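The values are calculated or read from the model by the stated rules, or taken from the named source; none is laboratory data. Remember, predicted model here, so these are calculated numbers, not experimental data. Counting neighbours? That spans all protein chains shown, and the Cβs are built from the backbone with ideal geometry, glycine included.
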């Protein structure tokens, strides 16, 4: 301190070299610290712009989903840690808030004596080890203009691919039947043998109808129906219902059913190609079928779309330390700036 005071008294210019020697810090360490702060600013801005883009496609994408997509998108530039991302999203008010659950309407009328076995909930429980071994299906409701519409979904249990879907204004058998036909077309298109495929559902009257069971029998598909009304006996299908409805098909009370159908088609495509799943090693469903199938949210062409979607009135960004940053409107510039600095991995 005496040396510093004497330098001030002599009006000596305090150079970086002099201060580094005085504080016993190397020049390399000083410049590295400076570049690290700059890199952190660019990293925060880049990740938040990317998060805005992902939320435009997956509105309810949580921290895990964004982290997985961001690490693939920024691969070779920097890595995104879960705790770091949680702090950044929290500082910028971008964490999701839980919604209150309401009692749903009943979508199926259970048939007690349906005469079919449950091939899934056995001892030990059946686990699909490949594609076209087990499909699960269920009906759920979607609130739209004029009341409720009813969505039938069918999913491959191994890959989590939605293989069939249909939206109907009533609880007729037409919805599950159309979804089943789409599933058959999907498997045949990809060269799978349908013989021995287990088609599992709850004991709704639609699934044990003559139209459904005769069609399944004609293709060698094994009909599997739950024996009780316990939703855990068709848990995979119930979980799928929640993802589609809570992540995409919400606040549709003012939209007619035809418009909901159009949005639903886009939703299913995003679910199959863009949303990673923890249960399948953070891959997308289509990547389970085709290993190198591109994710539209992490491929190179999406960078131009991200830059286009980020308007000048983007969020005022904050780092975990609540440091205000000036957002860069072009994400491609952000990523190129990161490459010119030393990236700090959290």
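Here's the yes/no breakdown for (1) outside any helix (DSSP H, G or I); (2) outside the structural domain of residue 152 (by TED's automatic domain parsing); (3) under 25 Å from the mean Cα position of the chain (by Cα); (4) over 29 Å from residue 276 (Cα atoms):
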{"site": "207", "(1), (2), (3), (4)": "yes, no, no, yes"}
{"site": "212", "(1), (2), (3), (4)": "no, no, no, yes"}
{"site": "220", "(1), (2), (3), (4)": "yes, no, no, yes"}
{"site": "224", "(1), (2), (3), (4)": "yes, no, no, no"}
{"site": "227", "(1), (2), (3), (4)": "yes, no, no, yes"}
{"site": "233", "(1), (2), (3), (4)": "no, no, yes, no"}
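Within the range 154-176, identify whether any single residue is without any contact (Cβ under 8 Å) to a residue 12 or more places away in the chain and surrounded by fewer than 22 Cβ atoms within 10 Å (Cβ to Cβ), and answer yes or no. Yes: one or more hits.
When we screen 272, 281 for residues that are modelled with pLDDT of 90 or more, in contact with a helix residue (DSSP H, G or I) (Cβ under 7 Å, 6 or more places away or on another chain) and outside the structural domain of residue 31 (by TED's automatic domain parsing), the only hit is 272. Within the range 110-136, restricting attention to residues that are modelled with pLDDT of 85 or more and outside any loop (DSSP other than H, G, I, E, B), the residue that is surrounded by the most Cβ atoms within 10 Å (Cβ to Cβ) is 135. When residues in the range 231-270 are screened for being within 25 Å of residue 122 (Cβ to Cβ) and in contact with a strand residue (DSSP E or B) (Cβ under 7 Å, 6 or more places away or on another chain), 6 of them pass.
Taken over the range 55-76, the criterion of being assigned to a loop (DSSP other than H, G, I, E, B) and surrounded by fewer than 16 Cβ atoms within 10 Å (Cβ to Cβ) is satisfied by 59, 60, 62, 75, 76.
Within the range 86-109, restricting attention to residues that are modelled with pLDDT under 85 and crowded, with 16+ Cβ neighbours inside 10 Å, which residue is nearest to residue 223 (Cα to Cα)? My answer is 108. Summed over the range 239-258, residues that are part of a helix (DSSP H, G or I) and either touching a helix residue (DSSP H, G or I) at 6+ places or on another chain (Cβ under 7 Å) or in contact (Cβ under 8 Å) with a residue 24 or more places away in the chain (or both) total 8. Residue 213 falls short on exactly one of the conditions (1) touching a strand residue (DSSP E or B) at 6+ places or on another chain (Cβ under 6 Å); (2) buried (at least 21 other Cβ atoms within 10 Å of the Cβ), and that condition is (2). Evaluate the following for residue 236: is it closer than 30 Å to residue 290 by Cβ and out of contact with any helix residue (DSSP H, G or I) (no Cβ under 7 Å at 6 or more places or on another chain)? Criteria met by residue 236.
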